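> Provided herewith is a single structure, encoded as structure tokens, for subsequent inquiry.
The values are calculated or read from the model by the stated rules, or taken from the named source; none is laboratory data. Here the structure is a predicted model, which is why all the values come from computation and not from measurement. Cβ coordinates were reconstructed from backbone atoms using ideal geometry, including for glycine residues, and neighbour counts include every protein chain displayed.
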Amino acid sequence: MATLEIELFTCRSDNFGVLLHDPVSRRTASIDAPEEPAILAALERRGWTLTDIFTTHHHPDHVEANLALKARFGVRIVGPKNEADRIPGIDATVGDGDSFDFAGHPVEVIETPGHTAGHICYHLPQDKLLFSADTLFALGCGRLFERPAEVMWPSLLKLRALPSDTIVYFGHEYTLSNARFALTIDPDNAALKVRVEAIETLRAEGRPTAPTLLADEIATNPFLRADDPTLRAHLGMEDAEDWQVFAEIRARKDRF
């Protein structure tokens, strides 16, 4: 089984685009379809032809180019079964616990409701890859548009439980803002302070902060640390339920 090749690029105002390519079969998948011109440019750079789109959720900045790319390439669009009626051009629906094959690479589906009601993430266990879209960001998580905190927190726990050496590709370049907010919630976290300095350097040089390593998120992302005693004490919420602590963190970030 060949190693998958990945092309990361920015599009729209702050979206990340990702192409996943198998050099043997020459199949190429786009993780979501935020913007056709940027995806076409990335394909041309690499000399790849698009065959698949793996859709994570229905928001326009993730599905806008579905129909155009399907018309151009005849791609197969996979997407969340609980949002199927809102995914343009969808061919196959998948839900929590489902798996499918991409050029000999197993792809596991993890349903992570919160940002939207049927958001899914794609996990490739043999390749140690997670495409988390708008559920988990570097030092952040998606806003709770369609499901409340008590639903989103278990979704994040599903991702936190994956192997810590998993490489995470996420949907938006929000990391610098997330980092500055994280310091207000978890000011005594030494690993976080080191990471924030590295992120500031990356952004000052115009470089992307994706991908991230799950181990780093577990150690420094406050949205994965609602059950951490130190963080809970800082918030004065030692006796609260974990999801309530998470809700407070999310509410503070919304106001940040």
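> Anything in region 49-81 that is buried (at least 20 other Cβ atoms within 10 Å of the Cβ) and either modelled with pLDDT under 95 or more than 18 Å from Val107 (Cα to Cα) (or both)? List them, or say none.
Within region 49-81, His58, His59, His62, Val63, Ala65, Asn66, Leu69 qualify.
> If you scan region 4-30, which residues turn out to be among the polar types (S, T, N, Q) and within 21 Å of the chain's Cα centre (by Cα)?
Thr10, Ser13, Asn15, Thr28, Ser30 - these are the residues of region 4-30 that are among the polar types (S, T, N, Q) and within 21 Å of the chain's Cα centre (by Cα).
> Another question about this same structure. Can you pull out every residue in region 221-256 that is part of a helix (DSSP H, G or I), crowded, with 18+ Cβ neighbours inside 10 Å and of a type in the set (Lys, Arg)?
Arg232, Arg250, Lys253
> While we're here: Report, by residue number, each residue of region 94-105 that is surrounded by fewer than 19 Cβ atoms within 10 Å (Cβ to Cβ) and within 24 Å of Ser25 (Cα to Cα).
Within region 94-105, Asp98, Ser99, Phe100, Asp101, Gly104 qualify.
> Test Ala33 against the stated conditions and say whether it is surrounded by 14 or more Cβ atoms within 10 Å (Cβ to Cβ), part of a loop (DSSP other than H, G, I, E, B) and under 19 Å from the mean Cα position of the chain (by Cα).
Here the answer is yes, as Ala33 does meet what is asked.
> Something else about it: Does region 152-161 contain any residue that is farther than 30 Å from Leu19 by Cβ and not in a strand (DSSP E or B)?
Yes, because at least one residue in region 152-161 is farther than 30 Å from Leu19 by Cβ and not in a strand (DSSP E or B).
> Hey, could you check region 1-34 for residues that are acidic (Asp, Glu) and touching a helix residue (DSSP H, G or I) at 6+ places or on another chain (Cβ under 8 Å) and say which is farthest from Leu129 (Cα to Cα)?
This residue is Asp32.
> Scanning for something out of contact with any strand residue (DSSP E or B) (no Cβ under 9 Å at 6 or more places or on another chain), buried (at least 18 other Cβ atoms within 10 Å of the Cβ) and more than 23 Å from Leu144 (Cα to Cα), does region 168-189 turn up at least one residue?
Looking for residues that are out of contact with any strand residue (DSSP E or B) (no Cβ under 9 Å at 6 or more places or on another chain), buried (at least 18 other Cβ atoms within 10 Å of the Cβ) and more than 23 Å from Leu144 (Cα to Cα), one finds at least one in region 168-189, hence yes.
> Also, I was wondering about something else. Which number in (1) touching a helix residue (DSSP H, G or I) at 6+ places or on another chain (Cβ under 9 Å); (2) within 26 Å of Ile110 (Cβ to Cβ); (3) part of a loop (DSSP other than H, G, I, E, B); (4) free of Cβ contacts under 8 Å to residues at least 60 places away in the same chain marks the one condition that Ile39 misses?
(3)
> Within region 135-151, work out how many residues are more than 17 Å from Pro222 (Cβ to Cβ), of a type outside the set (A, V, I, L, M) and either in contact (Cβ under 8 Å) with a residue 60 or more places away in the chain or not in a loop (DSSP other than H, G, I, E, B) (or both).
2
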